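Structure record follows, encoded as structure tokens.
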């Protein structure tokens, strides 16, 4: 079985192996089928290990580092001593051969690259983490490794898009400004997570032309991507997590 891996037209480099992976090509079963890459959602540990290894091999990486994501603004610097499953929501690295990956099922996976300094980043941006500042924290950590935000390109991968992200007025109180992220659709209030993430990246110093919103909706493409909201509304409420990962060759 082949994996479903997509890439951004903004991040093109022979120095990288990366991809936003879908749910095809793995070993898991049932609501976790097929390429569930999370150890924290109730799937069989051995099957998850096999799935993670499939991704690592496809990225030609020596190691794959993932996180115990907690919807925070914590970003860590990864090197060859970094353990997996640190409590954080983003990573940056200059280490070659180490893939860094984040897990999502409607939240936005954001992969970043500075080709001048050879710095990569990966962030898990649900609305809570995005509001708290996880994307700004990721850019800040990249600058600690030598990056200039103006040189960073970023791709916002498959996530829930505005058409399927219905919210209530109380939800809106979590945000200050960002009126371009809220829309009325069929007389219901909706939130545009990718646009909000793009705004936070530009606030952190990225040039908007260097940000790719890939605009792939996980909710309406749940046969290809895990969607937590779809699972809650239509099935058991349990689902796997997709992996988005990037590695310096």
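Annotations
- Among the candidates 60, 135, residue that is touching a residue at least 24 places away in the same chain (Cβ under 8 Å) and on the phi > 0 side of the Ramachandran plot: 60
- Options 52, 47, 64, 60: the member that is assigned to a loop (DSSP other than H, G, I, E, B) and either closer than 29 Å to residue 237 by Cβ or over 15 Å from the mean Cα position of the chain (by Cα) (or both): 60
- Scan of region 171-209 for residues that are loosely packed, with under 12 Cβ neighbours inside 10 Å and modelled with pLDDT of 95 or more, ordered by number: 184, 186, 187, 188, 208, 209
- Residue among 197, 181 that is touching a helix residue (DSSP H, G or I) at 6+ places or on another chain (Cβ under 7 Å), in contact (Cβ under 8 Å) with a residue 60 or more places away in the chain and more than 28 Å from residue 30 (Cβ to Cβ): 197
- Among the criteria (1) within 30 Å of residue 140 (Cβ to Cβ); (2) touching a helix residue (DSSP H, G or I) at 6+ places or on another chain (Cβ under 8 Å); (3) assigned to a strand (DSSP E or B), the one residue 215 does not fulfil is (3).
- Residue within region 127-134 that is touching a helix residue (DSSP H, G or I) at 6+ places or on another chain (Cβ under 7 Å) and within 25 Å of residue 249 (Cα to Cα) present: no
- Residue identified as at pLDDT 95 or above, more than 21 Å from residue 200 (Cα to Cα) and surrounded by 17 or more Cβ atoms within 10 Å (Cβ to Cβ) among 61, 154, 137, 125: 61
- Subset of region 230-246 (residues that are more than 30 Å from residue 96 (Cβ to Cβ), in contact (Cβ under 8 Å) with a residue 24 or more places away in the chain and either within 16 Å of the chain's Cα centre (by Cα) or assigned to a loop (DSSP other than H, G, I, E, B) (or both)): 235, 236, 238, 239
- Among (1) touching a strand residue (DSSP E or B) at 6+ places or on another chain (Cβ under 6 Å); (2) surrounded by fewer than 24 Cβ atoms within 10 Å (Cβ to Cβ); (3) at pLDDT 95 or above, the one test that residue 95 misses: (1)
- Extreme residue, nearest to residue 134 (Cα to Cα), among residues of region 13-40 that are surrounded by 18 or more Cβ atoms within 10 Å (Cβ to Cβ) and out of contact with any strand residue (DSSP E or B) (no Cβ under 9 Å at 6 or more places or on another chain): 32
- Residues that are part of a strand (DSSP E or B) and under 24 Å from residue 226 (Cα atoms) do occur in region 134-155, at least one of them.
The values are calculated or read from the model by the stated rules, or taken from the named source; none is laboratory data. Everything quoted here is computed from the prediction, not taken from an experiment. Neighbour counts run over all protein chains shown; Cβ positions are idealised from the backbone, glycine included.
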